[in-house]
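Asks: One structure coming up, written as C-alpha cells, with questions to follow.
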Amino acid sequence: MASSPSPIRGQRLRSDLRAMLAEGFTFSLMVGVGEFYFAPFALALGFGDISAGLVATVPMLVGALLQLVTPAAVGWLGSHKRWVVLCAALQAATFVPLAAGALAGAMPPAALYVAVALYWGLGMATGPAWNTWAGILVPAPLRARFFARRSRWSQGALLAGLALGALLLQRGGGGGDDRVETYAWAFTVALTARAASVVFLTRHSESEPVPIGDTRISLPAIREHVARDGHGRLLAYLVAFQVSVWIAAPYFVPYMLGPLGLDYAEFALLTGVAFLARIAVLPALGKMARAVGTRRILWIGSIGIVPLPILWLVSDSFLWLLGLQLVAGAAWAAFELATLLSFFEHIPQQSRTSVLSAYNLVNAAAIAGGSLLGAMVLRALGETPVAYTAILMLSSLARLVSLSLLRGTSNVIPPAGSSLPLRTLSLRPSAGAVQRPVLAGLPQEATEAMHESRPSMGTIAS
C-alpha cells in the first residue's frame with residue numbers, strides 16, 4: 001500500500017506546480033511580444049524582404065545545432081535545473097542588443113542574425129532537459145491534467161503578448177525611425193517576461209538527485225526509432241513537406257506588411273485567428289485520432305495545407321484572409337497533432353532526448369532549406385509582386401507532389417483517455433504556431449498502451 005505524501009512534500013509539490021504555471025505564462029508572453037516580431041523588426045530596419053524572411057529560419061537551424069550539446073552540458077553541470085536556468089537567463093539577454101538596435105534605429109544584419117540565432121539556440125537547448133526535469137517534478141497521476149492546464153495558461157499569454165506587441169508597435173505608425181524605436185518597448189517587455197520566467201524556474205525544486213542519463217545523442221536509439229513502424233517514411237514525408245511549405249512561409253510577413261499593406265493590428269489579428277482555430281479544433285482532432293488513427297488526420301491536414309498559398313492570391317479582402325486563416329489554423333492543427341502523435345509514439349524514456357533533438361534538427365534543416373529555395377526565386381525575380389506569386393504557386397505545387405510520400409507512414413490509434421500535451425514554441429503568421437510534445441506529460445503507461453494497441457506492420461503499410 002502506497003504511503004500518502006508528507007505535508008512538507010505536498011507543500012513543495014504545490015509550490016512547484018504554481019511556479020511551473022507562472023513560468024509557462026511568462027515564457028509564452030515573451031514569445032508573443034518579442035519573438036513573433038523578429039521578422040517585422042528586420043523589415044523596419046530596412047533589410048529587405050529576403051533578409052526579413054530568412055531571419056525567421058536560418059537562425060533556427062543554428063539553434064537546432066546548438067541544442068545538440070544539451071545532454072553533455074547537463075552531464076557537466078550535474079543538474080537539469082542549472083542548465084535550464086542558465087540557458088533561459090542567457091536567452092533573456094539576447095533581447096538586450098535587439099532593444100539597443102531599435103533605440104539606435106539601426107543594426108548590422110550580422111548582429112541581428114547572431115542575436116536571433118542565440119535566442120533560438122538557447123531556447124531549444126532547454127527543451128530536452130526541461131522535459132526530463134518536469135517529468136520528475138510532476139507526479140504521473142497529475143501530469144495529463146496539469147500540463148493541459150499549463151497549456152491553457154500559455155495559450156492565453158501568447159495571445160496577450162501578440163496583442164500587446166501590436167499595440168506597442170501601432171504607436172510608431174508614423175514610419176521612419178519612430179517606428180523602429182517602438183520595437184525597443186516590445187523587446188524590453190519580452191526581456192522582462194523571460195527574466196520573470198527565469199525567477200520562476202529557480203523556484204522549481206530539484207532536491208532529489210535527478211538521473212542525468214546518457215550524456216550523448218544516441219545514434220543507435222534514433223536509428224531504431226526511425227526504422228520502426230513506418231517512422232522513416234513519415235520522417236521523409238515531413239522533410240519534403242516542410243521544405244515545400246517553407247518555400248513561401250517565411251515571406252508571408254513581408255507579403256502581409258508589404259504588398260498587402262496590413263498594419264500591425266491586422267497582422268497580429270490574422271495570426272491570432274489562426275492560433276485560436278488551432279486551439280478550438282484540437283479536442284475534436286484528439287477524439288478523431290482515437291477513433292480512426294493518425295494517418296487519416298494527417299491526410300486531412302496535409303490536403304488542407306496544400307492550396308493555402310494559392311488562396312492568398314484570390315483576394316486581398318481582409319474578411320477573406322480571416323476566413324483563410326481559420327482554415328489554415330485548423331489544417332495545421334490536424335497536421336501537427338497527427339505527425340507528433342505518430343512520430344513520438346512509444347519512445348523509451350532513455351531515448352526521448354535523442355529522438356526529440358534529432359527531430360528538431362531535421363525539421364529546422366528542412367525549414368532553412370525551403371526558405372533558401374524561396375529566397376533564390378525571390379532574388380531571381382526581383383522581389384516583385386510577380387515573384388511573390390511565383391513562390392506561392394511553387395510552394396503549393398511542391399506540397400501537392402510531396403503527398404505521394406504519405407503512403408506507408410505509421411498509423412497510431414491512441415488509447416481512450418490518452419492525450420498529447422503540446423508546448424507552443426513559436427507563433428507563425430501562416431500556420432498559427434510551432435508546437436512540440438511535452439514528453440514529460442506522456443506517462444510511460446500511456447505510451448506502452450499505444451505501443452501495444454498499434455496496428456500490425458501489414459496494416460500500417462497498406
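The values are calculated or read from the model by the stated rules, or taken from the named source; none is laboratory data. As the structure is a computational prediction, the values presented were derived from the model and not from experiment. Every residue, glycine as well, gets a Cβ built from its backbone with ideal geometry; the counts of neighbours run over all protein chains shown. Quick note on the areas: whole protein, heavy atoms, side chains included, nothing else; ligands and nucleic acids left out. Shrake-Rupley method; radii C 1.70, N 1.55, O 1.52, S 1.80 Å.
Asks: Quick one: in segment 104-114, of everything that is over 10 Å from F41 (Cα atoms), of a type in the set (A, V, I, L, M, F, W, C) and not in a loop (DSSP other than H, G, I, E, B), which residue is least open to solvent (accessible area, probe 1.4 Å)?
Replies: Per the criteria, the residue is A111.
Asks: Going through I347, I297 one at a time, which residue ends up being open to solvent by less than 10 Å² (accessible area, probe 1.4 Å), modelled with pLDDT of 90 or more, of a type in the set (V, I, T) and closer than 29 Å to R223 by Cβ?
Replies: I297
Asks: Let me spell it out: the conditions are (1) small (G, A, S); (2) open to solvent by less than 20 Å² (accessible area, probe 1.4 Å); (3) within 27 Å of F267 (Cβ to Cβ), and S317 meets all of them except one. Which number is the exception?
Replies: S317 satisfies all of (1) small (G, A, S); (2) open to solvent by less than 20 Å² (accessible area, probe 1.4 Å); (3) within 27 Å of F267 (Cβ to Cβ) except (2).
Asks: Given the conditions (1) open to solvent by 10 Å² or more (accessible area, probe 1.4 Å); (2) under 30 Å from E383 (Cβ atoms); (3) part of a helix (DSSP H, G or I), which single one is not true for W76?
Replies: Unmet condition: (2).
Asks: Is one or more of the residues making up segment 332-341 part of a loop (DSSP other than H, G, I, E, B), modelled with pLDDT under 85 and open to solvent by 10 Å² or more (accessible area, probe 1.4 Å)?
Replies: no
Asks: Please state which one of G10, G101 is open to solvent by less than 10 Å² (accessible area, probe 1.4 Å) and either assigned to a helix (DSSP H, G or I) or not charged (D, E, K, R) (or both).
Replies: G101
Asks: Limited to segment 154-171, what total is found for residues that are over 16 Å from the mean Cα position of the chain (by Cα), of a type in the set (A, V, I, L, M, F, W, C) and surrounded by 17 or more Cβ atoms within 10 Å (Cβ to Cβ)?
Replies: 4
Asks: Which residue out of G258, G286 is among the small types (G, A, S), farther than 16 Å from A333 by Cα and open to solvent by 10 Å² or more (accessible area, probe 1.4 Å)?
Replies: On inspection, the qualifying residue turns out to be G258.
Asks: OK, next. Would you check if L191 is buried (at least 19 other Cβ atoms within 10 Å of the Cβ), over 16 Å from E35 (Cα atoms) and at pLDDT 95 or above?
Replies: Taking the combined requirement at face value, the residue does not satisfy it.
Asks: Related question: Read through the list (1) open to solvent by 50 Å² or more (accessible area, probe 1.4 Å); (2) assigned to a helix (DSSP H, G or I); (3) at pLDDT 75 or above, then give the number of the only condition that E206 fails.
Replies: Of (1) open to solvent by 50 Å² or more (accessible area, probe 1.4 Å); (2) assigned to a helix (DSSP H, G or I); (3) at pLDDT 75 or above, only one is false for E206: (2).
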